[in-house]
Amino acid sequence: MREKKEFLLYVIPSVLAFALSGVYAIVDGFFVGNSIGDAGLAAINVAYPVTALLQALGTGIGMGGAVQYSIHAGEDKREEQRAYISWTLLLLAVSSLAAVLLLFPSVSAILSAFGANGQLLEMGKEYLRVIILGAVFQIFGTGLVPLIRNMGGSVFAMCAMIAGFLTNILLDYLFVWVFGYGLGGAAAATIIGQTVTVAACVVFVLKKGPGLSLKSGIKPGRLSGNIMKVAVSPFGLTFSPNIVLILMNKFSMIYGGEGAVACYAVIAYISTIVLLLLQGVGDGSQPLVSRYYGRGRAESVRSVGRMAYISAFLLAAACIAGLYAARNLIAPVFGASAEVSKMSAEVLPFFLAGFMFIAYLRITTACCYATEKNVRAFILIYGEPAMLLAALLLLPEFMGLEGVWAAVPVSQFLTAACGVIIQRLPAS
């Protein structure tokens, strides 16, 4: 009973926080789509993988530090806890600086590689330049949340996300609809919203955390290495849907043109929310899994895992039923044209078919990296986009644009099958 109560206390705020992180992009799409139309929707969709890259960097590093913090908390090693928090903050700062220096000069090349050209390219550049300049807030905004959750502040992390989200909505309304600042205004609203979240999270870490110290009994290289070994998996888990987004935008443009890209933009917005809800279950259970793993309580680890699987499957089933029932109502909310709205309603069931497979994969991978089975998590996370690329190279040749849509659930099924096999392997 205690484990169930703890599970709910961690998972419910985590699910809500992850949902809000996905809604940031949807809010931009809502205001821009209703202001500019299909072209604005397509531009944000093409540019969004870079936003997601920044958030994935933060999530990966933050989760890497959070997992190590929880494992050492389970072992009651306070000095190591302080060191892992401090090195996580340092790595977040370094990655923020590197992201700006590497990405800002390459905006045009990145968008062109994603398939943007002409008006789509120019609108994407307007949005993306602001997003990259505010990289520090994107990275810290997502990186501090896992740390706070592992410190027992799941509800606070959720509240910090809500504060940023509400700020984003208000400023999107003002910047896009009232003042007419377009995509640049939508991007600025996102950055300012993340800034609010970061400010709240920094206060929590400094006041409620065990303190900061770069020194411990572990060498600095090993400390940062331990963080980054875990970080590779949650980074991939957060960013892999956007590798999917990049591939789908590219093949949608090839086989269906700008209308297909705008159609997929609507579906991607909705799918992102569902994927993040499911990741919220996995990452919400991670602090408990890591803590019990650090204490050597194998049965408790399995118990939390079972509750996570059941929760994820029920959540996926509810999303499938709700979205299918509302399939004709979704695209018009984003200001999509009648043609794009009709196409998205017809295409959505392809994507709903894969949600159960994703529910299984999100919990399996989260349990793997929470217990330092990093290679298994790596295979599952990066296997999905690899499977998708293979399916996209094959299916559209025979099925045209429908093959592009079908490639997503096919790749998810194949990756889930790999997950079943991997789970049956003996522990290394």
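The table that follows gives values for the structure above.
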read-out	value
Backbone HN-Hα couplings from phi across the stretch 92-99 [Karplus 6.51/-1.76/1.60, Hz, Gly and Pro as x]	4, 5, 5, 5, 5, 5, 4, 4
Projected label distance in nm at Ala317 and Glu79, using a 7 Å step from Cα toward the beta-carbon	5.1 nm
GNM top mover of Gly354, Gly118, Gly141 - the chain, alpha-carbon springs below 10 Å	Gly118
From phi via Karplus (6.51, -1.76, 1.60), per-residue ³J(HN,Hα) for the stretch 402-409 in Hz, x at Gly/Pro	4, x, 5, 5, 5, 4, 5, x
Chain lengthening between Leu393 and Ser112 when straightened (0.36 nm per residue, less Cα-Cα)	99.1 nm
Cut-off 19 Å (backbone N to label point 7 Å along Cα→Cβ of Cys418), residues of the stretch 327-370	354-370
Acute angle (nearest 10 degrees) that the helix 220-294 long axis makes with the longest principal axis of the chain, alpha-carbon atoms	0 degrees
Angle in degrees between helix 182-208 and the longest Cα principal axis of the chain, rounded to the nearest 10	10 degrees
Whole-Hz ³J(HN,Hα) from phi, Karplus 6.51 cos²θ - 1.76 cosθ + 1.60, for the stretch 48-63, glycine and proline x	4, x, 6, 4, 5, 4, 5, 5, 5, 4, x, 4, x, 5, x, 5
Heavy atoms of Thr238: accessible area, 1.4 Å probe, square angstrom to 10	20 Å²
Burial order of peptide ranges 338-350, 103-115 (average beta-carbon count within 10 Å, highest first)	338-350, 103-115
Student exercise, the stretch 169-325 dipole from Lys, Arg, Asp, Glu Cβ charges, in Debye to nearest 20	1040 debye
Sequence-separation-based contact order of the stretch 294-404, relative, with Cα cut under 8 Å and 6+ spacing, percent	22 percent
Within the accessible area of the chain (1.4 Å probe), percent carbon and sulfur	69 percent
FRET efficiency for Val178 and Ala338, using Cβ-Cβ distance with R0 set to 30 Å, rounded to 0.05	0.65
Ellipticity estimate at 222 nm from DSSP helix runs (n ≥ 4, -39,500 (n - 2.57)) divided over the chain, nearest 500	-30500 deg cm²/dmol
Among the listed pairs Lys77/Lys208; Lys5/Lys208; Lys229/Lys373, those beyond 20 Å (Cα-Cα)	Lys5/Lys208
Inter-probe distance in nm under a simple model that places probes 7 Å from Cα toward Cβ, at Ala163 and Val202	1.2 nm
Spin-label pair Ile310/Ala386, simplified geometry with 7 Å Cα→Cβ offset, distance in nm	3.4 nm
Relative contact order [Cα under 8 Å, 6+ residues apart], the chain, whole percent	25 percent
Whole-number accessible area per residue in Å² for the chain, which is evaluated in the context of all protein chains at 1.4 Å	38 Å²
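The values are calculated or read from the model by the stated rules, or taken from the named source; none is laboratory data. Worth saying up front: this structure is predicted, and the values here are computed from it rather than measured. Methodologically, a virtual Cβ is constructed for each residue, glycine included, from the backbone with ideal geometry; neighbour enumeration extends over all protein chains shown. Only protein heavy atoms, including side chains, enter the accessible area calculation; ligands, DNA and RNA are left aside. Shrake-Rupley method; radii C 1.70, N 1.55, O 1.52, S 1.80 Å.
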